[in-house]
Structures are given as C-alpha cells and as structure tokens.
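> Please read through the structure below; I'll follow up with questions.
The values are calculated or read from the model by the stated rules, or taken from the named source; none is laboratory data. Remember, predicted model here, so these are calculated numbers, not experimental data. Note that each Cβ is placed from the backbone with ideal geometry, even for glycine, and that neighbours are counted across all protein chains shown.
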Amino acid sequence: MNNNNFLEFNDVTFTYPPVEGDLDENEKQIESKPVFEHFSAQLPEGFVSFVGQNGCGKSTLMLLASGRLNPDSGTVTLLGKNPAVLDDENKNLLASVIYQNMEFETEDKVKELLSFVYQNGSLKGNAKAIRNENKNLLDETIEVFELSNVLEHPLTKLSKGEIQRVLLAFGILYGSQSLFMDEPLFALENYQKENALSYLKEFVHKTGKSIYISMHELDLTKKYADTVLLFYPNRDMALGTPEEVLTRDEVEKAYGVPYAMLKDHENLSREYLNSLSNQKKEAQ
C-alpha cells in the first residue's frame, strides 16, 4: 500500500495552553491535561467519520491533522506531507477545514463568495460536475446544497442552516486534496443532511479526495461512512467499518449510556448525554 494515501500520527502529544486566570482552590494556575499523549495511528483515505462524545478529542484531532494546530511533539503526515511546516496557501490546498458555527463579517453576496472560492482554489474555476459532465461544479454545488435562493444575500443575513450549506459548497469548490468537516450538518433539515452526505460520499469516490467528518447522528454514519473512528472517554479509539465499530457494546462504551437511548438520536449533545447519565445513576 502507498503510505501517501493515509493520514498518519506518529507519537503525537498535544496539550492546550492553560487558561489564564483559571486557578485552583489554592490560587495556583490550573495546568491543562494532554488531549493526546504519545498517540500513533494511521487512518485510511475515503469518507471517514469521527464518532464520540463532545470533548473526546475529535475536533483537536482534525485540527492537528490539517495543520491548524501543531503537536507539542511527534509528527503528523497527511498524504505524504507534514501540514505543520507548510505555508498557508499550500496548507489550504492540502486540507480545507469547516468548523461548526463559523462567523463572517463580510457583506459580500453568496454568489460572489462562491465564485471567489472556486476561482482561487486549486480548481481555478474549471471543474466539471461529478453527476453531470454538461454542468460545471459551481452550478452543481448551488443545486445540491439548495443555494439558489440565497445567492444575492450576504452571509450575515443567512440562517445557521443556510450558512452551513454555503460552507459545504466552499469545501467542495476550493478543491483541497482533503476536507475536514467538524459538525458540518449543524442546523440542516433531515433531508438536507441526507442529500449532503450522499453527495459528499459520491464526491469522494469519484474524485479520489478524502473527507474526514464528525457528526452526532449515528444512523447517518452507519449509512454513509466508509470508515469509522470511534473515540472512547479514556482516549482509546476503534477503527473499522460502521458494521465492525458501531456495535451496541462499543457505542455504549463510548457514550456511557444504554444503546437504546442513543439509537437514531438526532442531537447527542453534551447536555443530553449528561442528562442520560444522571438518569442512569438515579435508576441504580
């Protein structure tokens, strides 16, 4: 196998800086604990879903993988390159990142921003649609992500769901070799989530690019992901197909609550999971 097709972590340790003013009962600075400590792993290319509770390290892993954070020690290799040493342009061409709740101050219209991203990424405004070669990729993303009605609007006037759909289009149109998407389905309607995931998976398989995505919906991960990386509270992980990894026992181990409470639930938020844990404790 070609190792350049993999995302590889080699003995990576990473700790966030301490929060200034965050003191313990003795008025001493509270030091942050490592998110990852001597972590090594190799993830495949394709459509890969990160699954686990909030706070388990999914977002940090994405930021390290894409070079938006640098490890304290160890190395990260993405498609044969170390993103931490690349300049901003080459880092973006290697990996795009979509965050949850991204904020924008620009008053530019959506159509202008879509065109700018398309023209100034690796595609240079020249890519055929993946579903219909008679269309270009820009027109296809506008159709797939239902953006026709907001093209004349600035981002500041869009709903959260509309912004997320624009961000999904940005990710496709920039043309990076890989995309990291942290809760990109946030605020989308159920049918829009299905449409988006179906297109993203098709995009991966037809272009050879890779998408690493985190989402709370276990049913959608089972339906669309090629590979799942399941995060446990103790930082252990399991990697495999959805059928191999998302078993009843492993999901309960990862979330700490009965499987029946999690199955097909739309919003596995930290507050929801905490409430389930409290209910479990009260019942014991």
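Yes/no matrix, rows are residues, columns are (1) more than 27 Å from S122 (Cβ to Cβ); (2) at pLDDT 95 or above:
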{"site": "F6", "(1), (2)": "no, no"}
{"site": "P17", "(1), (2)": "yes, no"}
{"site": "L63", "(1), (2)": "no, yes"}
{"site": "L69", "(1), (2)": "no, yes"}
{"site": "S73", "(1), (2)": "yes, yes"}
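> Could you check segment 5-18 and list, in sequence order, the residues that are closer than 30 Å to L246 by Cα, not in a strand (DSSP E or B) and not β-branched (V, I, T)?
Once the filter is applied, which keeps residues that are closer than 30 Å to L246 by Cα, not in a strand (DSSP E or B) and not β-branched (V, I, T), segment 5-18 yields N5, F6, Y16.
> I'm trying to understand the selection: among the residues of segment 141-198, which are more than 30 Å from N90 (Cα to Cα) and among the β-branched types (V, I, T)?
Across segment 141-198, the qualifying residue is only V150.
> Only residues that are in contact (Cβ under 8 Å) with a residue 40 or more places away in the chain and in a loop (DSSP other than H, G, I, E, B): list them for segment 135-173, please.
F145, E146, L151, E152, H153, L158
> Just checking, does segment 225-244 include any residue being in contact with a helix residue (DSSP H, G or I) (Cβ under 8 Å, 6 or more places away or on another chain), under 23 Å from Y174 (Cα atoms) and crowded, with 18+ Cβ neighbours inside 10 Å?
Yes, some residue in segment 225-244 is in contact with a helix residue (DSSP H, G or I) (Cβ under 8 Å, 6 or more places away or on another chain), under 23 Å from Y174 (Cα atoms) and crowded, with 18+ Cβ neighbours inside 10 Å.
> Check S176 against each of (1) under 29 Å from N54 (Cβ atoms); (2) assigned to a helix (DSSP H, G or I) and name the one condition it does not meet.
Result: S176 fails condition (2) only.
> Taking segment 19-44, which residues are over 30 Å from S198 (Cβ atoms) and either assigned to a strand (DSSP E or B) or hydroxyl-bearing (S, T, Y) (or both)?
Once the filter is applied, which keeps residues that are over 30 Å from S198 (Cβ atoms) and either assigned to a strand (DSSP E or B) or hydroxyl-bearing (S, T, Y) (or both), segment 19-44 yields L23, Q29, S32, F36, E37, H38, F39, S40.
> Take residues that are of a type in the set (D, E, K, R) and more than 23 Å from K193 (Cβ to Cβ) and tell me which of the helices (runs of 4 or more DSSP H) falling wholly in segment 222-265 contain 2 or more.
248-255
> Kindly check whether there is at least one residue in segment 74-92 that is surrounded by 18 or more Cβ atoms within 10 Å (Cβ to Cβ), of a type outside the set (D, E, K, R) and under 11 Å from Y174 (Cα atoms).
The answer is yes; a qualifying residue exists.
> Separate question: Could you check segment 176-208 and list, in sequence order, the residues that are closer than 22 Å to G80 by Cα and either of a type in the set (A, V, I, L, M) or surrounded by fewer than 20 Cβ atoms within 10 Å (Cβ to Cβ) (or both)?
Q177, L179, M181, V204, H205, K206, T207, G208
> I'm trying to understand the selection: among the residues of segment 101-160, which are surrounded by fewer than 17 Cβ atoms within 10 Å (Cβ to Cβ), over 20 Å from L185 (Cα atoms) and in contact with a Ser or Thr (Cβ under 8 Å, 6 or more places away or on another chain)?
Hits for segment 101-160 are E105, T106, E107, S122, G125, P154.
> Pairs please, first residue from segment 208-233 and over 13 Å from A254 (Cα atoms), second anywhere and crowded, with 20+ Cβ neighbours inside 10 Å and of a type in the set (D, E), Cβ atoms under 6 Å, 6+ apart in sequence or on different chains.
That search, which allows pairs on different chains as well, returns S210/E45; S214/D182.
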